[in-house]
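**Q** Have a look at this one before I ask anything.
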Amino acid sequence: MSVKIRLQRHGKKGKPFYWVVAADARSKRDGRYLEKIGTYNPNTNPATIELDLDSAVKWLHNGAQPTDTAKAILSYKGALLKHHLDGGIRKGALTQEQADAKLAAWLEAKAGKVDAKKEGLSKAQAADRAKALKAEQEVNAKRIAAAAQAEADAIAAAAAEEAPVAETEEAPAAEENNETTEA
């Protein structure tokens, strides 16, 4: 029986969520599995990966072959490195302490990179919010200025309409006065 470390899809349509499982190569994608090793959520940025490192390494030692995506996930979390270092321990090239120190240093560096990416994303998101707020304030200021201008134009137009009406009303009255004085 050949064992594969692969992803098993869960979640709703358009929002995938995966389990990382060790399964018989002949079983269906979402079918029976031997052991659930972890989870993978690609909907977050950066993607959220929970992995039982010891269990994954145990399956790799037993000959399980990861699929391409599962291999990338195992590499990202350090399972392949730990498997490689364990091979060095078995051959006598490393001691357990040296291997643990190398793995800890690599995991710490990886955690720093992930934290830097999260921080960069949060800064970019804050900058985008500030930019959107500034643009919205500019649009609001233009809209308020346009409304004030339209109101001033309306007042001026109303004043212009009242002034000629008053002159035309006075002129007929003056003509009547002239006619009455002449007669």
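The values are calculated or read from the model by the stated rules, or taken from the named source; none is laboratory data. Just so it is clear, the model here is predicted, and its values are computed rather than measured. Cβ coordinates were reconstructed from backbone atoms using ideal geometry, including for glycine residues, and neighbour counts include every protein chain displayed. Keep in mind that these areas ignore ligands, DNA and RNA; they rest on the heavy atoms of the full protein, side chains included. Shrake-Rupley method; radii C 1.70, N 1.55, O 1.52, S 1.80 Å.
**Q** Name the one entry in 153, 68 that is charged (D, E, K, R), open to solvent by 60 Å² or more (accessible area, probe 1.4 Å) and modelled with pLDDT under 90. Outline the logic, then answer.
**A** Values: 68 fails: modelled with pLDDT under 90.
Result: 153 is the single residue among 153, 68 that is charged (D, E, K, R), open to solvent by 60 Å² or more (accessible area, probe 1.4 Å) and modelled with pLDDT under 90.
**Q** Hey, among the residues in the range 14-47 that are part of a strand (DSSP E or B) and among the β-branched types (Val, Ile, Thr), which one's surrounded by the most Cβ atoms within 10 Å (Cβ to Cβ)? Full working, then the answer.
**A** At the first step, the residues of the range 14-47 found to be part of a strand (DSSP E or B) are 15-24, 35-41.
Then keep just the ones that are among the β-branched types (Val, Ile, Thr); that gives 20-21, 37, 39.
Details: 20: 29, 21: 23, 37: 26, 39: 17.
Across the range 14-47, the extreme among qualifying residues is 20.
**Q** With respect to the numbered conditions (1) modelled with pLDDT under 90; (2) more than 30 Å from residue 57 (Cβ to Cβ), which one is the sole condition not fulfilled by residue 111?
**A** Just one mismatch for residue 111, condition (2).
**Q** Follow-up question, since we're still on this one. When you go through 131, 110, 77 one by one, which is the residue that is farther than 24 Å from residue 17 by Cα, free of Cβ contacts under 8 Å to residues at least 40 places away in the same chain and not aliphatic (A, V, I, L, M)? Please lay out each step first, then the result.
**A** Details: 110 fails: farther than 24 Å from residue 17 by Cα; 77 fails: farther than 24 Å from residue 17 by Cα.
Just one listed residue meets the conditions, 131.
**Q** Of the residues that make up the range 13-32, is at least one in contact (Cβ under 8 Å) with a residue 40 or more places away in the chain and closer than 25 Å to residue 108 by Cβ?
**A** Looking for residues that are in contact (Cβ under 8 Å) with a residue 40 or more places away in the chain and closer than 25 Å to residue 108 by Cβ, one finds at least one in the range 13-32, hence yes.
**Q** Is there a residue in the range 56-63 that is open to solvent by 70 Å² or more (accessible area, probe 1.4 Å), farther than 30 Å from residue 125 by Cα, under 25 Å from the mean Cα position of the chain (by Cα) and basic (Lys, Arg)? Give the derivation first.
**A** Initial filter on the range 56-63 (open to solvent by 70 Å² or more (accessible area, probe 1.4 Å)): 58, 61-62.
Add one more test, that the residue is farther than 30 Å from residue 125 by Cα, and what stays is 58, 61-62.
With under 25 Å from the mean Cα position of the chain (by Cα) added as a condition, the list becomes none.
Among the residues of the range 56-63, not one is open to solvent by 70 Å² or more (accessible area, probe 1.4 Å), farther than 30 Å from residue 125 by Cα, under 25 Å from the mean Cα position of the chain (by Cα) and basic (Lys, Arg), which makes the answer no.
**Q** Follow-up question, since we're still on this one. Could you list all residues from the range 43-73 that are closer than 17 Å to residue 100 by Cα and in contact (Cβ under 8 Å) with a residue 40 or more places away in the chain?
**A** Result: 56, single match.
**Q** Go through the range 79-101 residue by residue and tally those that are closer than 23 Å to residue 49 by Cβ and open to solvent by 60 Å² or more (accessible area, probe 1.4 Å).
**A** So the count comes out to 2.
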